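The structure appears right after this line, and notes come after that.
The values are calculated or read from the model by the stated rules, or taken from the named source; none is laboratory data. Small disclaimer: the values here were computed from a predicted structure and weren't measured. No Cβ is skipped: glycine too gets one built from the backbone with ideal geometry, and neighbour counts run over all protein chains shown. SASA here: full protein model, heavy atoms, side chains in, ligands and nucleic acids out. Shrake-Rupley method; radii C 1.70, N 1.55, O 1.52, S 1.80 Å.
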Amino acid sequence: MKRLLLLPLLLAATLRAQDAQPKTAEEILSIVRRSYALQNHKMNGQLRDDATGRTEPLTLTMENQVMRFLFTNPPKEIVHLDLNTSPATLYQVRAGGSAQVEGDQFAASVRGMAFNYEDLSLRFLYWPRPQLMGEGRVSAQKCWIVRVTNPGKDGPYYVVDIYVHQGSGGAAKMEAYDRNSKVVKRYQVNKVQKVDNATVLKELKIETVNPFNGEIKGRTYMTLDNPEKK
């Protein structure tokens, strides 16, 4: 079975032709969630700030339903996402110990880049009562649009629209809104690469948006090398 890897919220098993029919919003998100268990790779790459050119090397490993992001520049940091729990649990490991990411920490920037720990946590894939908003296209590919609403008051996002590729079950785009219905974050997959039986991420664009005027406040690119099978 071919797989689509569109990190970090974007991992999915390819749908069989007979399954690629309109589904409920919960069924679509279930496909995305289940797909993480199929991944068993190691990938090297980097984050790059578009404005300054600053880079942060990273290593991503996926094994036993746990995703680990290793950042080697000082201060060294490991962020790992345990997909064995529901919802998935995010931990931050630094000198001095490990702690679960909670509350206001979700809005904190990761390595000073244009994405945060909420983005790594994938919590919105577990928010209750998702809505199927219709269809759209990303890079000419047909997608379902699933809308989820934050059931609590923590975290930087209130509503998230997830564009799920109909041919693969992978999320090709995400737009997050604050409680005033203003866009504050946007993801889009720019490039993919073919490796054996997998289609894997090559470049992901992450943008932080000023909710008052719609201008881009920050833009980070995540690029990943070919995966190594673990």
Stretchable slack from ARG54 to ALA99, in nm (0.36 nm times residue separation minus alpha-carbon distance) = 13.5 nm
Efficiency of FRET between SER109 and ASN40 - r from beta-carbon atoms, R0 35 angstrom, step 0.05 = 0.75
Could you list, in their original order, any pairs among LYS142/LYS173; LYS153/LYS182; LYS185/LYS217; LYS76/LYS173 whose Cα atoms are separated by more than 18 Å?
-> LYS76/LYS173
Approximate spin-label separation GLN65-ARG179, in nm, with each point projected 7 Å along Cα-to-Cβ = 3.4
If we sort 166-179, 88-101 on the protection proxy, mean other Cβ atoms within 10 Å, highest first, what's the order?
-> 166-179, 88-101
With the 1.4 Å probe rolled over protein heavy atoms, region 122-211 has an accessible area per residue in Å² of 44
Residue by residue through region 74-86, the couplings from Karplus 6.51 cos²θ - 1.76 cosθ + 1.60 with θ = phi - 60°, in Hz, x for Gly and Pro, are x, x, 4, 8, 10, 10, 10, 10, 8, 8, 7, 9, 9
Roughly how big is region 83-206's charge dipole about its Cα centre, with Cβ charges of +1 (Lys, Arg) and -1 (Asp, Glu), in debye to the nearest 20?
-> 340
